[in-house]
Every structure is written in C-alpha cells, then in structure tokens.
Amino acid sequence: GLLDRQAILPHGIHLRAGDLERLRDSGASIVHCPVVFARDGEALRSFARYRDFGIRIAMGTDTAPPDMLDNLRQGLYLCRVADGGNTASAADFYNAATLGGAAALARDDVGRLSPGAQADITVFDLGGFHLGPFIDPIKTMVLAGTGRDFTHSWIAGRPVMIDREI
C-alpha cells in the first residue's frame, strides 16, 4: 500500500526486477536528482527508459548548490551516456522539472503558464556570452545556463526577485 498516486520517491536509481512495473502501475513519481549521484559515479539507468516505460519523473536538486539547470544538464548527459545515444532532449528534462513536478504534486495550477495557474515565472537572460550560440531558448538554457542567469522571479504573481535583487 505504500505506492500510490500520491507517493513521491526520491532518486529511484537502485531498483530491482519488477520495480519499474510497480512504479508505473501505482502512478507514483520519481524525483530525479542527478548531480548528487553523479558525484559518486552513479546514475539513473535511464531517464528515457523510465519515461518511455510510463513512469512519472520530476526533477529535484538534493545538493548544494541547488542549481536546477545543473541538474537538468547533467541528467541529460548521464541519460545519453547510459543509453549510448540521443534518447532524451533538453526539453524532456525541462518538462520533467515543470510539468513533471506539477504532476507529482497532482496540481494543474503550477508548472505551466495558463489561465488559473499560479503565475510562477522566472526570466532567463539569453544575452550572456558564456551561453554560446543561440539554438533555441530551452536548449540554450539547459546546456549552457546556470541559476545566476535568471534575472526576475514571480511566485503566485508576486515579485520575489527583480533585476537579480531579492
């Protein structure tokens, strides 16, 4: 009875035979925190496999510094190494961080910009030289950005950071 739609499980990297089926069938969510495990040479095997199997995946940080973009980027790289190819995209990881997190919490008022949602918004500065060539906003942000590239933030429509000032 532990696994159900409300269960949110951290990491999910040490699973045995049959665990993927139990996770999928229960509707439980995995919160993937790749940086903390990559530091010790471990990784989820793999994000794309879990996603394709129908397991709900959200993203977390679980370490310091708590830079979500670092987790998205390293998660993407580890997924591609584990799978031996391009099985997931920057957008897949971004969606896990936004829509996946909202789904894990069973909330349709967060993780998206739409009527009735909480209006949690961040502004990412795409003008930094360190970002390299501009490909598309999500790919550029995930592959080259850091938390320091965010300039503004609103939570539930209330400004909490303007021009990098809290």
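Okay, here's what the table says:
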quantity: Part-to-part distance (alpha-carbon centres) for segment 112-166 and segment 1-37, which is given in Å; calculated: 29
quantity: Residue-normalised accessible area of segment 98-166, given per residue in Å² at a 1.4 Å probe; calculated: 63
quantity: Percent carbon-and-sulfur accessible area, segment 1-111, ignoring ligands, DNA and RNA, probe 1.4 Å; calculated: 53
quantity: Ellipticity estimate at 222 nm from DSSP helix runs (n ≥ 4, -39,500 (n - 2.57)) divided over the chain, nearest 500; calculated: -8500 deg cm²/dmol
quantity: About the Cα centre, charge dipole magnitude for segment 87-166 (Lys/Arg +1, Asp/Glu -1 at Cβ), debye; calculated: 80
quantity: Mean Kyte hydropathy of 0.0 or more with a Cα span along the axis of at least 20 Å, helices from DSSP in the chain; calculated: 68-83
quantity: The chain, relative contact order in percent, only Cα pairs under 8 angstrom and at least six apart counted; calculated: 17
quantity: Exposure ranking of Phe37, Phe53 by accessible area [1.4 Å probe, largest first]; calculated: Phe53, Phe37
quantity: Residue-count net charge about Val31 - beta-carbon cut-off 13 Å; Lys, Arg +1, Asp, Glu -1; calculated: 0
quantity: Among Ala90, Met161, Leu23 - extreme Cα towards positive end, dipole of the chain, charges at beta-carbon; calculated: Leu23
quantity: Highest-first arrangement of 118-129, 22-33, 134-145, where packing means the average Cβ count within 10 Å; calculated: 22-33, 134-145, 118-129
quantity: His14 paired with His152, simple spin-label distance in nm, labels 7 Å along Cα-to-beta-carbon; calculated: 4.5
quantity: Spin-label pair Asp136/Glu42, simplified geometry with 7 Å Cα→Cβ offset, distance in nm; calculated: 3.3
quantity: Cβ-placed point charges (K, R +1; D, E -1), dipole of segment 1-121 about Cα centre in debye, nearest 20; calculated: 200
quantity: Lys, Arg +1 and Asp, Glu -1 on Cβ, resulting dipole of segment 1-65 about Cα centre, debye, nearest 20; calculated: 120
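The values are calculated or read from the model by the stated rules, or taken from the named source; none is laboratory data. All values reported here derive from a predicted model rather than from experimental measurement. Virtual Cβ from ideal backbone geometry, glycine too; neighbours counted across all protein chains shown. In case anyone asks, the SASA skips ligands and DNA or RNA and just uses the protein heavy atoms, side chains included. Shrake-Rupley method; radii C 1.70, N 1.55, O 1.52, S 1.80 Å.
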